[in-house]
Amino acid sequence: MQLPLHLMILPGLLLILVYSYGPMFGTIIAFQDFNPARGIIDSEWNGFDNFRYVMALPDTMQVIWNTLVIAVGKIIVGLIVPIVVALLLNEVRKEYFKRTVQTMIYLPHFLSWIILGGVLIDILSPTYGIVNQFLKWIGLESIYFLGSNSWFRPMLVMSDVWKEFGFNTIVYLAALTSINPTLYEAAVIDGANRWKQTLHITLPGMAPIIILTTTLALGRVLDAGFDQVFNLYSPQVYETGDIIDTFVYRLGIVDAQYGVATAVGLFKSVVALILLSTSYFLAYRFANYRIF
């Protein structure tokens, strides 16, 4: 009987219905002049006025551009670094050293951006931070990393990669275990060195999981990381660090423009759906790989 199995997934299904699909009813606020006192049902409809208002704001296009630059930077660097680290760890023959490194690089994944934000603020402080102390020691001027429009985006990308590359590395290491060892034995007999083995056996063997992670990442191209940015940015770096999620936060929570904030969130969700659907199609079209 399948009934026990269906009962096992029922709690998870209920959570999804309540917390994922249920709130979708609230997206109609995007088409209303929403008044919390009157509620969703009684608030006046204004059609696409909220969307027109958002697109007329002078900061909107800059916010979208910031989001794309930061998100794409995270996707590219966050893809390359774990693959390289996984390939290097795969060559390590000392198991205790390999496991120690895996544990060390994996730990930041479990820390929230509230904790890591405080750590980064201390490390990158222009007065007493260890990075700027080192720069002064070698004769260079201190840099206000989190208060400079030139440095803020790179800091976001590098700190995000530092936090997450350990998790992705383990994913790629797991993918390496599925490669048939006889392929390497045959390559050695044919005279292939380690570089050629990596190029012609290891990377093609990792291709399915690389395509999967890249495809899923493309669906989050407008998600530049609210928790990270919110804990690290300031009005000094709004020009290059303000993203869609922080923009929505200020519109909806700070300025109480709920309809406008919902309109921006709905726009982001629609674009993400289009990008994710496109990436699924490309994964199947060019790599013959189906995710579902």
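Data for the structure
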item	result
Theoretical gain in end-to-end length, N149 to I189 [0.36 nm per residue, Cα-Cα removed]	9.0 nm
Which of H200, H6 has the fewest Cβ neighbours within 10 Å, and the rest in rising order	H6, H200
T214, T177, T240 arranged by Cβ crowding within 10 Å, fewest neighbours leading	T177, T214, T240
Estimated FRET transfer efficiency (I253, I114; beta-carbon r; R0 22 Å; 0.05)	0.80
Modelled FRET efficiency - R0 25 Å, I80 with N180, Cβ distances, 0.05 increments	0.45
Three principal axis lengths of the chain [C-alpha, angstrom, descending]	75, 71, 36
Unit charges at the beta carbon, dipole of the chain: most positive-side option, Q257, G22, Y280	Y280
Leading residue at positive end of dipole, the chain (Cβ point charges), from I143, L3, L88	L88
Estimated distance in nm for a label pair at I274 and E44, the labels positioned 7 Å out from Cα along Cα-to-Cβ	3.1 nm
Given charges at beta-carbon only (K, R positive; D, E negative), |dipole| of the stretch 61-287 in Debye	440 debye
The stretch 183-219 versus the stretch 89-145: alpha-carbon centroid distance in Å	30 Å
For the chain, calculated [θ]222 nm from helices alone, where every DSSP H run of n ≥ 4 adds -39500 (n - 2.57)	-20500 deg cm²/dmol
Neighbour-count ranking [beta-carbon atoms within 10 angstrom, fewest first] of V72, V270	V270, V72
R0 of 41 Å, Cβ-Cβ distance N90-Q236: FRET efficiency to nearest 0.05	0.45
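Where a number appears in this text, it was derived from the coordinates with a stated rule and is not lab data. Keep in mind that what you see is a predicted model, and the values were worked out from it rather than measured. Glycine also receives a Cβ, built like all others from the backbone with ideal geometry; neighbour counts cover every protein chain displayed.
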